[in-house]
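The values are calculated or read from the model by the stated rules, or taken from the named source; none is laboratory data. What you see is a predicted model; the values in this text were computed from it and never measured. Glycine also receives a Cβ, built like all others from the backbone with ideal geometry; neighbour counts cover every protein chain displayed. Remember, those area values only see protein heavy atoms, side chains included, never the ligands or the DNA or RNA. Shrake-Rupley method; radii C 1.70, N 1.55, O 1.52, S 1.80 Å.
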Amino acid sequence: MKMKKEKLKTGILLILICSAITLAANVWFGSGIWPQGYDYFVTLPSRAFFSQFFGQGQPYISPMENLAKPQKLVVTNGEKRAVYYNSDTFFSSFYDLINAFFKEVLINEGAVFMSTEVGEEEWYDVLRNDELLDTRSLYFSYTTAFSPSLFAKVCGVEGTWLEKHVSAMQEMILAPIGDTGTDVLLYVRDHTDGKIKKFYINYSGKSDLYARITGMEENANYSYAFELNLHDSVVGIGGGVEQKVVMDPLILISPRSSQNGVITGENPIGSAADTEALLSVFNYRERGVNRFTGTDGTMHFVENYGSINLYPDGLVEYYAVDEKKGVNILPAEGGSASLYDALNGAVSFAARVWSSLVPDQPFDALVSSDLVENESGDYTFTLDYYYEGTPITISARDMSHAAEIHVKDGRIVEYRHLLRRFRETGKTVESVPMISAMDNMYARFAAEEDQIRITNLFLSYVEDTKPGEKHPVWCASIMGREDLVIDAPDI
């Protein structure tokens with residue numbers, strides 16, 4: 001009899017526990033406390049954190065993993081040349097060679113048996129596709145300039161002898177010497193002062209590097225601007241012709257047009273669930289902050305130490321009122337952050353913002369700000385979107401980058417991010433040839449009093465938050481000007 005009573009008590013207790021759990025779920029997740037139409041149990045599996053348990057979503061790839069990848073590679077094999085961007089099929093094989101070289105050499109100062117400083121002409125001679133010179137080289141450039149210590153770290157090693165020779169690096173050349181032995185030339189242009197350092201290096205993998213370059217048969221019909229004499233202000237016989245517009249010597253010129261995909265861009269925030277998920281990344285709970293909506297539809301969330309503005313077009317802004325109370329992005333509280341720690345934390349945070357809204361797509365963005373260490377621990381990082389290797393230029397409000405992140409002492413004190421999801425339409429369009437874009441640039445600046453120097457000319461999608469299809473247009477960076485010049489009459 002006593003045993004039956006104990007079983008009855010246990011049964012009643014289990015029923016009471018189940019009832020409590022059910023009631024709690026109804027209170028917390030029911031329609032009475034959450035916005036209308038919000039179903040937490042439906043939304044839960046779609047969030048990035050829970051997707052690993054529910055099996056939804058795709059693995060996320062951090063932009064930090066792309067830092068060590070050059071933006072472009074130019075392979076010159078005598079009179080033959082190939083140009084590869086990081087979305088091209090053959091890019092990986094050459095990138096693997098570069099990565100293997102730096103992993104071995106950056107920490108092995110004994111491999112360097114001579115170093116010197118050289119002038120621009122030698123730099124150009126190594127890059128020429130002149131069959132008389134019979135040069136073989138691999139030129140590569142990055143979207144941003146690195147301090148040597150940070151470059152070493154993203155290549156997977158700690159510290160490097162390059163710190164003794166250059167302060168910042170963005171452009172480099174690898175050139176194997178001859179078809180035998182282990183001698184390789186490494187040229188590094190110092191991004192700070194423009195000086196070119198040349199290193200003679202003993203490298204065990206030289207034969208693989210030489211074989212890959214000499215085995216390249218493609219002739220991409222690209223020429224550097226300096227090979228076409230477009231970089232000099234005075235040209236012609238006797239120097240009698242003065243060019244009003246000049247180009248950076250290493251801009252690659254091609255007379256061909258190309259086929260490119262047509263895409264659309266949209267704001268990924270489409271529901272109250274999205275808003276709640278976004279706020280949670282900043283450790284905000286929508287019900288625990290003061291909230292009001294402006295006449296333009298902008299939602300403002302204000303708490304004691306900061307505020308978030310969420311605009312209808314997808315721009316999210318965060319400001320810390322007290323810098324010491326900003327969003328911590330370091331593993332531990334307190335102390336100043338190194339450049340690497342601050343960058344890694346900032347990029348990871350932007351990735352969490354992205355995956356809270358678009359968990360099924362990788363965060364296709366690259367760091368575009370220069371990465372040079374300072375003692376203050378005060379850094380501003382910028383990120384830019386790209387789509388299948390083509391950069392996306394932001395031209396909306398006063399934003400010129402996809403994300404701008406201000407970090408101070410390991411905390412985000414200001415964060416601006418234009419959130420856009422890009423989709424392919426299945427359509428393609430033929431781009432205007434680069435030569436035509438150059439002609440348009442020359443005509444545009446013909447009336448300028450001062451000489452115009454084009455530092456970069458590239459195809460890019462332009463995101464202005466306007467609805468409709470987007471196809472790549474030519475964009476030019478002009479020395480001394482912050483805004484890009486866009487060669488599109490409808491923009």
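Of all the residues in the stretch 119-149, those that are touching a Ser or Thr at 6+ places or on another chain (Cβ under 9 Å) and open to solvent by less than 40 Å² (accessible area, probe 1.4 Å) number 11.
Of the residues contained in the stretch 453-464, one or more are found to be closer than 27 Å to K72 by Cα and more than 21 Å from the chain's Cα centre (by Cα).
When the residues of the stretch 199-226 are filtered to those that are open to solvent by 40 Å² or more (accessible area, probe 1.4 Å) and charged (D, E, K, R), the one that is farthest from T180 (Cα to Cα) is E218. Only one entry of G110, G37 meets the criterion of being surrounded by fewer than 19 Cβ atoms within 10 Å (Cβ to Cβ), modelled with pLDDT of 85 or more and either of a type in the set (V, I, T) or not assigned by TED's automatic domain parsing to the domain that holds L459 (or both), and that entry is G110.
Taking residues in the stretch 464-485 that are touching a residue at least 40 places away in the same chain (Cβ under 8 Å) and in the same structural domain as I452 (by TED's automatic domain parsing), and partners anywhere that are of a type in the set (K, R) and open to solvent by less than 90 Å² (accessible area, probe 1.4 Å), the pairs with Cβ atoms closer than 8 Å and at least 6 places apart or on different chains are T465/R420. Does S87 satisfy the condition of being assigned by TED's automatic domain parsing to the domain that holds I196, touching a His at 6+ places or on another chain (Cβ under 9 Å) and touching a residue at least 40 places away in the same chain (Cβ under 8 Å)? Against the criterion (assigned by TED's automatic domain parsing to the domain that holds I196, touching a His at 6+ places or on another chain (Cβ under 9 Å) and touching a residue at least 40 places away in the same chain (Cβ under 8 Å)), S87 does not qualify.
In the stretch 370-401, the qualifying residues are those that are under 28 Å from Y85 (Cβ atoms) and not in a strand (DSSP E or B), and the one that is least open to solvent (accessible area, probe 1.4 Å) is G389. Within the span defined as the stretch 198-209, one or more residues are touching a Leu at 6+ places or on another chain (Cβ under 7 Å), among the hydroxyl-bearing types (S, T, Y) and part of a strand (DSSP E or B). Can you spot a residue in the stretch 420-438 that is part of a helix (DSSP H, G or I) and polar (S, T, N, Q)? Yes, there is a match, as at least one residue in the stretch 420-438 is part of a helix (DSSP H, G or I) and polar (S, T, N, Q). Of the residues that make up the stretch 142-159, is at least one under 23 Å from the mean Cα position of the chain (by Cα) and on the phi > 0 side of the Ramachandran plot? The answer is yes; a qualifying residue exists.
As a summary of the residue check, E424 satisfies the conditions (1) surrounded by fewer than 21 Cβ atoms within 10 Å (Cβ to Cβ); (2) within 19 Å of the chain's Cα centre (by Cα); (3) within 28 Å of P268 (Cβ to Cβ); (4) among the acidic types (D, E) except for the one numbered (2). Applying the criterion of being assigned to a loop (DSSP other than H, G, I, E, B) and out of contact with any strand residue (DSSP E or B) (no Cβ under 9 Å at 6 or more places or on another chain) to the residues of the stretch 135-173, the residue that is nearest to V83 (Cα to Cα) is C155. If you go through the stretch 351-385 and keep only what is within 30 Å of S271 (Cβ to Cβ), at pLDDT 90 or above and out of contact with any helix residue (DSSP H, G or I) (no Cβ under 8 Å at 6 or more places or on another chain), you end up with W354, V358, T382, D384, Y385. Condition first: open to solvent by less than 40 Å² (accessible area, probe 1.4 Å) and more than 30 Å from A68 (Cα to Cα). Can you find one or more residues in the stretch 352-369 that meet it? Checked against the condition, which is being open to solvent by less than 40 Å² (accessible area, probe 1.4 Å) and more than 30 Å from A68 (Cα to Cα), the stretch 352-369 yields no hits at all.
The requirement of being within 16 Å of the chain's Cα centre (by Cα), at pLDDT 90 or above and in a strand (DSSP E or B) is satisfied by E404.
Of the residues screened, T180 is one that is open to solvent by 40 Å² or more (accessible area, probe 1.4 Å) and either touching a strand residue (DSSP E or B) at 6+ places or on another chain (Cβ under 9 Å) or free of Cβ contacts under 8 Å to residues at least 24 places away in the same chain (or both).
For the stretch 471-490, indicate whether the set of residues that are under 30 Å from L279 (Cβ atoms), in contact with an Asp or Glu (Cβ under 7 Å, 6 or more places away or on another chain) and not polar (S, T, N, Q) is non-empty. No, the stretch 471-490 has no match at all. Filter the stretch 447-491 down to residues that are closer than 20 Å to I253 by Cβ and open to solvent by 70 Å² or more (accessible area, probe 1.4 Å) and give me whichever is modelled with the highest pLDDT. Among those that are closer than 20 Å to I253 by Cβ and open to solvent by 70 Å² or more (accessible area, probe 1.4 Å), it is M479.
With a requirement of 1 or more residues that are open to solvent by less than 60 Å² (accessible area, probe 1.4 Å) and modelled with pLDDT of 90 or more, the strands (runs of 3 or more DSSP E) lying completely within the stretch 275-336 that satisfy it span 299-303, 306-310, 315-320.
Restricted to strands (runs of 3 or more DSSP E) entirely inside the stretch 448-491, those with at least 1 residues that are among the polar types (S, T, N, Q) are 452-463, 473-478.
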